[in-house]
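See below for the structure under consideration.
The values are calculated or read from the model by the stated rules, or taken from the named source; none is laboratory data. Here the structure is a predicted model, which is why all the values come from computation and not from measurement. We place every Cβ from the backbone using ideal geometry, glycine too, and count neighbours over all the protein chains shown. We work out accessible area using only protein heavy atoms, side chains counted, and drop any ligands, DNA or RNA first. Shrake-Rupley method; radii C 1.70, N 1.55, O 1.52, S 1.80 Å.
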Amino acid sequence: MAGPDGPGRPVGGLAVRPPAGVELQPAGRDDLVTVLRLLGERESLAAPLTTEDARDRWERIIGSVDASPFLAIAEGEIAGLLLLVFRRRLNFATWEGWVPELIVAPSFRGRGIGRALLRVAIEEWRLRGGHRLSVETEPSEVGCAAMLTGLGFEDGLLRFRQDHIAAEGRRPPEGVKIRPIQAADFVAATRLVAEMGVSRSPAPERMEALERSFSELTARATDASLVAQEGDRIVGICTLELRETLRTESPEAWIPELVVTEPDRGRGIGAALLDSAMREAQRQGARSMTLESGPMREAAHALYRSRGFRDAGGERLLLRDRA
């Protein structure tokens, strides 16, 4: 069951009926070596860490109330891996489920294992009351799209990636300063994120719950979000989180929202926010950065590409009211 600080341990996924000859179970401490081997099957991504380098991170994953790693076992071997993480997003009081890794070993493909693992993710997410479930896909993973569509997932966000962060030292326009986000920025940040279309403007009765979520999110040690301020107005926001992976020794920087209020677009504020976020990520030891963006934000995409970000696939989404 969910605890006061986040989701509980996986239980919903155990109700999924697996394919014949396959067992689905939560991953454990002793599964690390095989998990790393499976991660190496996604050739389009960085090779995983060594067992020694990954051990402490794996302990944190399997011990986290925010994570639900699951395995598929077939013929006495680990045949598939699902990494499901629950994360906070601005303007939502509930959790978002996120699947960064879904892998089936080549010799076990075509047996319905990937679909079963996705159903595990869906059941875990439903049980915990999340607002949406997001699955990362790489450009080369064409076959995954049909499976996701069949389970109700829709095209959602685009991802852009810079493998080696290269900040340029861009400065904001005169009179605009960029600073770390604060709890007092809640109202302005909520309005800006709603402008981007990531979420609807929250109903008044939800504001108290959203403010608690905002305070929790911005207080986390992994959060390094920034705002652009001109006078007493917040004119832009860049949410920035540093997250550990089993693929890179350094943390990965993740930007889920970068938005400038509509009257102030075209002044270079977005470019300055992005550059400040890149410098902050470098300061905290990150070497790579991933951005999420809605498919219609063409001006933002042009900015990202001009700064050396490459197209890195997308995220397919399952919304709570459509699950």
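Determine the pairs where a residue that is under 20 Å from Pro106 (Cβ atoms) and touching a residue at least 24 places away in the same chain (Cβ under 8 Å), located within the range 66-77, has a partner that is among the β-branched types (Val, Ile, Thr) and open to solvent by 10 Å² or more (accessible area, probe 1.4 Å) with Cβ atoms under 6 Å apart, the partner being 6 or more residues away or on another chain.
Listed by first residue and then by second, the contacts come to Leu71/Ile78; Ala72/Val22; Ala74/Val22.
Checking Leu14 against (1) in contact with a helix residue (DSSP H, G or I) (Cβ under 7 Å, 6 or more places away or on another chain); (2) part of a helix (DSSP H, G or I); (3) closer than 21 Å to Val120 by Cβ: exactly one of these is not met. Which one?
(1)
Among the residues of the range 280-304, write down those that are assigned to a helix (DSSP H, G or I), in contact (Cβ under 8 Å) with a residue 12 or more places away in the chain and over 15 Å from Val227 (Cβ atoms).
Listed by number, the residues that qualify are Ala281, Gln282, Ala299, Ala300, His301, Leu303, Tyr304.
Considering only the range 261-279, state which residues are acidic (Asp, Glu) and free of Cβ contacts under 8 Å to residues at least 60 places away in the same chain.
Asp264
Give me the pairs: first residue in the range 196-219 and more than 22 Å from Pro180 (Cβ to Cβ) and modelled with pLDDT under 80, second residue assigned to a helix (DSSP H, G or I) and open to solvent by 40 Å² or more (accessible area, probe 1.4 Å), beta-carbon distance under 8 Å, and six or more apart or on different chains, which are they?
Matching pairs, first to second residue: Ser201/Arg191.
Do you know which residues across the range 305-317 are on the phi > 0 side of the Ramachandran plot and either loosely packed, with under 14 Cβ neighbours inside 10 Å or in a strand (DSSP E or B) (or both)?
In the first step, residues of the range 305-317 are kept if they are on the phi > 0 side of the Ramachandran plot; the result is 308, 313.
Within the range 305-317, just Gly313 meets the criteria.
Find the residue count for the range 298-323, including only residues that are more than 22 Å from Ala271 (Cα to Cα) and hydrophobic (A, V, I, L, M, F, W, C).
4
Does Arg212 satisfy the condition of being loosely packed, with under 15 Cβ neighbours inside 10 Å and closer than 30 Å to Glu101 by Cα?
Considered against the rule, which asks whether it is loosely packed, with under 15 Cβ neighbours inside 10 Å and closer than 30 Å to Glu101 by Cα, Arg212 comes out as yes.
Of all residues in the range 133-148, which are modelled with pLDDT of 90 or more, in contact with a strand residue (DSSP E or B) (Cβ under 8 Å, 6 or more places away or on another chain) and open to solvent by 20 Å² or more (accessible area, probe 1.4 Å)?
Correct list: Glu136 only.
Across the range 243-271, which residue is farthest from Ser288 (Cα to Cα) among those that are of a type in the set (A, V, I, L, M, F, W, C) and under 23 Å from the mean Cα position of the chain (by Cα)?
Val260
I need the full set of residues from the range 151-180 which are open to solvent by 50 Å² or more (accessible area, probe 1.4 Å) and in contact (Cβ under 8 Å) with a residue 24 or more places away in the chain, in order please.
The initial filter retains those residues of the range 151-180 that are open to solvent by 50 Å² or more (accessible area, probe 1.4 Å), namely 154-155, 158, 163-164, 166, 168, 170-171, 174-175, 177, 180.
Those that are open to solvent by 50 Å² or more (accessible area, probe 1.4 Å) and in contact (Cβ under 8 Å) with a residue 24 or more places away in the chain: Glu154, Asp155, Leu158, Asp163, His164, Ala166, Glu168, Arg170, Arg171, Gly175, Lys177, Pro180.
Identify, please: which residue in the range 46-66 is over 26 Å from Glu123 (Cβ atoms) and surrounded by fewer than 18 Cβ atoms within 10 Å (Cβ to Cβ) and is, among those, nearest to the chain's Cα centre (by Cα)?
The selected residue is Ala46.
Kindly indicate which of Leu118, Leu90 is modelled with pLDDT under 95 and either among the acidic types (Asp, Glu) or buried (at least 18 other Cβ atoms within 10 Å of the Cβ) (or both). Steps first, answer last, please.
On the way: Leu118 fails: modelled with pLDDT under 95.
Only one candidate qualifies: Leu90.
Which one is surrounded by the fewest Cβ atoms within 10 Å (Cβ to Cβ), of the residues in the range 232-246 that are assigned to a loop (DSSP other than H, G, I, E, B) and in contact with a strand residue (DSSP E or B) (Cβ under 9 Å, 6 or more places away or on another chain)?
The residue in question is Glu244.
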